[in-house]
Amino acid sequence: MIKFDQNICRDVESASQREWLETNGLGGFASSTITGLNTRRYHGLLVAATEPPVGRLVMLSKLEETLVLDGQRYELSTNQYPGAIHPRGYQYLTEFRLDPFPVQVFEVDGVVIQKTVFMLHGENTTIIQYSVAKHDSELPDGTVLEVRPLIPCRDYHSTGHENGVIDSGFETAEGLTTICPYPGNPTLWFAHSTAQVEATGHWYRNLQYQSERDRGLDFNEDIFNPFNLKFDLLRQSQPAIHVSTEPRHTQNIGDTAGLRQDEVERRARLRGSLRTEEQFVQDLVAAADQFIVKRGDDKTIIAGYHWFSDWGRDTMISLPGLTLATGRDDVARSILLAFAKVVDRGMLPNRFPDAGEQPEYNTVDATLWYFEAVRALVQRTGDSQFVRDNLYQVLGEIIDWHVCGTRYNIRVDSDGLLNSGEPGVQLTWMDAKVGDWVVTPRIGKPVEIQALWYNALMVMKELAAGFDDRAGERRYGRMAGQAKKSFNRLFWNEATDCLYDVIDGQTFDQSIRPNQVLAISLTHSMLSRERAKRIMAVVQRDLLTPYGLRTLAPGDRHYHGRYAGSPLERDGAYHQGTVWPWLIGPFITAYLKTSGRNKRSLRQAEQWLKTFESHLTEAGLGQISEVFDGDPPHLAGGCIAQAWSVAELLRVAIEDVYSD
């Protein structure tokens, strides 16, 4: 349980840095800060995935709540307007906790109101439950809770503004109120404990989102309030509201407690699959569940909240940690099958766009990470038959395409290494692009691509041997041998005691970056232990921070120590010094490979992991952020919850640090 007292809750600046996240297994979510002050356009109590896992719409932004006691009105909400915070409901907030759902506790004149928010798994449904009581006495006559929904009904990447198009009408019957503000949007169903429904038709104008302002994006919004729900708290001390895009989920308002208990038990079962009792690792398992979502009849992985969809690269890197390390082998199989269906010209998609367009294939590494995910599945489950029946042919065709050539000049060169790239296109994980400016183009032969290519060939050699494919075994072994020989001849930089980052013809990029760690950490490595140890010394000296590895050494003239500002400034720093937590996984694996798994090295690895424990209470509560500043104090940035950040911490913890 994560818990904050009134000292944090009533400090608006501190409280606004702490965000909670509820997800529904479809790509939809609910999220805000611990005070309920929305600081992002992505914040909302129901962000529905209308075409799971995408098509996300902010259907319900928030609920404005007023407690009426003896005719006196107490506003419990908190909003940012130009130059002012109004109302200041945070002044009544005595506690916030994640237990396991977000819970706010307000106290007004001895009356205690507890508000709990949770989502139903597999449904675009959010449940808000209140519990109201008075210390040592009964509630006074005329105690009423007024709840006013703010309904934007818009794409979650945008903001809305007052207009004359909105349909302010709604229908209401006993315990059910429905509204569809804009044509083509889903109807929003409000099932509620018996309440008086009063038409309002108000616009809340000029709400401001500070996080969007800091990011140089549109940060003003107007949101419509169609009606007011008035709950007589003398008649019902635990009113509830079920908000959904589907009418069938509004029939169980009387079973709120049962629905809540079902979700508590579902989450508890996830923790029960672990082989370690380490609390931090168990917390990561709870975090991991939020990224696994449906795509059609299969599963996929959301790359990060609040704004990413499912990306091929992120999914394959995350798969071992989010699924295999947590005992969700069937989910891993489903994901691998889902992506096998969309392989095209030997390539996995880079991403599936939010609006449902055709997948984008501008990636060289997502496809190669697919081989490592397959290898991890076989190692974890021993289920090579699944691979033989469903994936082996696809994997072979991928290799063939890379040999003969596919999109973006991706082709095996005469030296056996993989060449890729063309001007204006970003293909590796260092993929920031602003307009026509590719920040780190890395055209030619990036170091981690060669490591992944060799690993893929060795995985195929092992699979071929297991499947009695002798010709394939010889072919893949021969290709791997050539790649290894060329790699060691070309990539070692004696001047820096580590590897070049990219080789393009006669151009050798000496930038000290973390990509070379993958040449050690991957299961099949081309490096000698002596060279690997020398690389690790450089990486530890120049790139290691408490929250992962910098993407560029601080001494480099292109180094940026802060990830902040406008989109141009942030993208310019994204892979030019910014720290990425996911890289701590490969780093620790490589460290244990080169140092040996002894008591001293394991203790050091555990210390690096445990640094992240405090972060679970600092940004996205219970989650690991996407990035951190390269310079101290290494402030968190980007997404508040990133799949591969959580996944790689889980993988390395369970496979390497706490393994039997």
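The values are calculated or read from the model by the stated rules, or taken from the named source; none is laboratory data. This is a predicted model, so every value here is computed, not measured. Note that we place each Cβ from the backbone using ideal geometry, even for glycine, and neighbour counts take in every protein chain shown. Ligands, DNA and RNA are stripped out before the accessible areas are found, and what is left, the full protein with its side chains, is counted by its heavy atoms. Shrake-Rupley method; radii C 1.70, N 1.55, O 1.52, S 1.80 Å.
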Item to check | Near pairs, Cβ below 6 angstrom, 6+ apart or cross-chain, from segment 566-581 (closer than 15 Å to GLU626 by Cβ and open to solvent by less than 10 Å² (accessible area, probe 1.4 Å)) to any residue that is of a type in the set (Ser, Thr, Tyr) and not in a loop (DSSP other than H, G, I, E, B) | outcome: VAL579/THR545; PRO581/SER645
Checklist entry - Of LEU457, LEU499, which residue is more than 20 Å from LYS533 (Cβ to Cβ) and open to solvent by less than 20 Å² (accessible area, probe 1.4 Å)? => result LEU457
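Do you know which residues across segment 326-373 are small (Gly, Ala, Ser), open to solvent by 10 Å² or more (accessible area, probe 1.4 Å) and modelled with pLDDT of 95 or more?
The initial filter retains those residues of segment 326-373 that are small (Gly, Ala, Ser), namely 327, 332, 334, 338, 340, 346, 355-356, 366, 373.
Remaining after also requiring open to solvent by 10 Å² or more (accessible area, probe 1.4 Å): 327, 334, 338, 340, 355-356.
Scanning segment 326-373 gives SER334, ALA340.
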Item to check | Residue among ARG562, ARG570 that alone is closer than 24 Å to LYS433 by Cβ, in a loop (DSSP other than H, G, I, E, B) and out of contact with any Ser or Thr (no Cβ under 8 Å at 6 or more places or on another chain) | outcome: ARG562
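Mind checking which residues of segment 38-95 are touching a Cys at 6+ places or on another chain (Cβ under 8 Å) and closer than 16 Å to PHE106 by Cα?
Of everything in segment 38-95, those that are touching a Cys at 6+ places or on another chain (Cβ under 8 Å) and closer than 16 Å to PHE106 by Cα turn out to be TYR90, LEU93, THR94, GLU95.
Test of understanding: among SER601, SER595, SER614, which residue is closer than 25 Å to PHE308 by Cα, surrounded by fewer than 20 Cβ atoms within 10 Å (Cβ to Cβ) and among the hydroxyl-bearing types (Ser, Thr, Tyr)? Walk me through how you get there before you give the answer.
Values: SER601 fails: closer than 25 Å to PHE308 by Cα; SER595 fails: closer than 25 Å to PHE308 by Cα.
Exactly one residue qualifies, and that residue is SER614.
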Item to check | Which numbered condition SER61 misses (of (1) touching a Leu at 6+ places or on another chain (Cβ under 6 Å); (2) closer than 22 Å to ARG267 by Cβ; (3) of a type in the set (Gly, Ala, Ser)) | outcome: (2)
Checklist outcome for this item: Reported set for segment 128-158 where residues are among the hydroxyl-bearing types (Ser, Thr, Tyr) and touching a residue at least 60 places away in the same chain (Cβ under 8 Å) is TYR130, SER131, THR143, TYR156, SER158
Checklist outcome for this item: Among residues of segment 412-422 being in contact with a Phe, Trp or Tyr (Cβ under 8 Å, 6 or more places away or on another chain) and assigned to a loop (DSSP other than H, G, I, E, B), the residue nearest to ARG345 (Cα to Cα) is GLY421
Next on the checklist: Anything in segment 645-659 that is of a type outside the set (Asp, Glu), assigned to a helix (DSSP H, G or I) and open to solvent by 10 Å² or more (accessible area, probe 1.4 Å)? List them, or say none.
Outcome noted: ARG651, ILE654, VAL657
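So, in segment 1-37, exactly how many residues are more than 20 Å from the chain's Cα centre (by Cα) and not hydroxyl-bearing (Ser, Thr, Tyr)? Break it down into steps so the answer makes sense when it comes.
Initially, segment 1-37 is screened for residues more than 20 Å from the chain's Cα centre (by Cα), giving 1, 3-15, 35-37.
Then drop every residue that is not not hydroxyl-bearing (Ser, Thr, Tyr), which leaves 1, 3-13, 15, 36-37.
Qualifying residue count, segment 1-37: 15.
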Checklist entry - Taking only pairs six or more apart or across chains, which ones have beta-carbon atoms under 8 Å, a first residue in segment 276-305 that is more than 26 Å from ALA340 (Cα to Cα) and small (Gly, Ala, Ser), and a second residue that is open to solvent by less than 40 Å² (accessible area, probe 1.4 Å) and part of a loop (DSSP other than H, G, I, E, B)? => result ALA286/GLY622; ALA287/GLY622; ALA287/GLN623; ALA287/ILE624
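How about segment 167-180: which of its residues are in a loop (DSSP other than H, G, I, E, B), open to solvent by less than 80 Å² (accessible area, probe 1.4 Å) and at pLDDT below 95?
Selection gives SER168, GLY169, GLY175.
Do the conditions hold for PHE106, that is, is it outside any loop (DSSP other than H, G, I, E, B), touching a residue at least 12 places away in the same chain (Cβ under 8 Å), in contact with a Phe, Trp or Tyr (Cβ under 6 Å, 6 or more places away or on another chain) and buried (at least 21 other Cβ atoms within 10 Å of the Cβ)? Before you say what the answer is, go through the steps one by one.
Details: outside any loop (DSSP other than H, G, I, E, B): yes; touching a residue at least 12 places away in the same chain (Cβ under 8 Å): yes; in contact with a Phe, Trp or Tyr (Cβ under 6 Å, 6 or more places away or on another chain): yes; buried (at least 21 other Cβ atoms within 10 Å of the Cβ): yes.
So PHE106 passes the test.
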Next on the checklist: Could you tell me how many of the residues in segment 1-57 are open to solvent by less than 10 Å² (accessible area, probe 1.4 Å), farther than 13 Å from TYR156 by Cα, part of a loop (DSSP other than H, G, I, E, B) and of a type in the set (Gly, Ala, Ser)?
Outcome noted: 1
Checklist entry - Could you count how many residues in segment 443-475 are in a helix (DSSP H, G or I), within 28 Å of PHE508 (Cβ to Cβ) and not acidic (Asp, Glu)? => result 11
Checklist entry - Taking segment 217-261 on its own, how many of its residues are open to solvent by 50 Å² or more (accessible area, probe 1.4 Å) and small (Gly, Ala, Ser)? => result 3
Item to check | Residues located in segment 538-563, provided they are among the hydrophobic types (A, V, I, L, M, F, W, C) and closer than 15 Å to LEU592 by Cβ | outcome: VAL539, LEU544
Checklist entry - Pairs, please: C-beta under 9 Å, at least 6 apart or cross-chain, first residue more than 25 Å from LEU527 (Cα to Cα) and in segment 587-613, second surrounded by fewer than 14 Cβ atoms within 10 Å (Cβ to Cβ)? => result GLU613/GLN279
Checklist outcome for this item: So, first residue under 17 Å from ARG267 (Cβ atoms) and in contact (Cβ under 8 Å) with a residue 40 or more places away in the chain in segment 308-331, second residue among the β-branched types (Val, Ile, Thr) and not in a helix (DSSP H, G or I), Cβ within less than 9 Å, six or more apart or across chains; the pairs are LEU322/ILE292; LEU322/ILE301; ARG328/ILE292
Checklist entry - Looking at LYS62, is it at pLDDT 95 or above and open to solvent by less than 40 Å² (accessible area, probe 1.4 Å)? => result yes
Next on the checklist: Could you go through segment 618-638 and let me know if any residue there is in a helix (DSSP H, G or I) and either crowded, with 22+ Cβ neighbours inside 10 Å or out of contact with any Cys (no Cβ under 9 Å at 6 or more places or on another chain) (or both).
Outcome noted: no
Checklist entry - Name the residues in segment 376-411 that are free of Cβ contacts under 8 Å to residues at least 12 places away in the same chain and not in a helix (DSSP H, G or I), would you? => result GLY382, GLY405, ARG411
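Listed residues ARG570, ARG557; which is within 21 Å of ALA643 (Cβ to Cβ) and basic (Lys, Arg)?
On the way: ARG557 fails: within 21 Å of ALA643 (Cβ to Cβ).
Matching residue, one of ARG570, ARG557: ARG570.
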Checklist outcome for this item: Pairs returned, first residue in segment 59-86 that is free of Cβ contacts under 8 Å to residues at least 24 places away in the same chain and of a type outside the set (Phe, Trp, Tyr), second residue that is open to solvent by 10 Å² or more (accessible area, probe 1.4 Å) and assigned to a strand (DSSP E or B), beta-carbon separation under 6 angstrom, 6 or more apart or interchain, are GLU75/PRO87
Next on the checklist: For VAL197, only one of the following conditions fails: (1) of a type outside the set (Ser, Thr, Tyr); (2) part of a helix (DSSP H, G or I); (3) open to solvent by less than 60 Å² (accessible area, probe 1.4 Å). What is its number?
Outcome noted: (2)
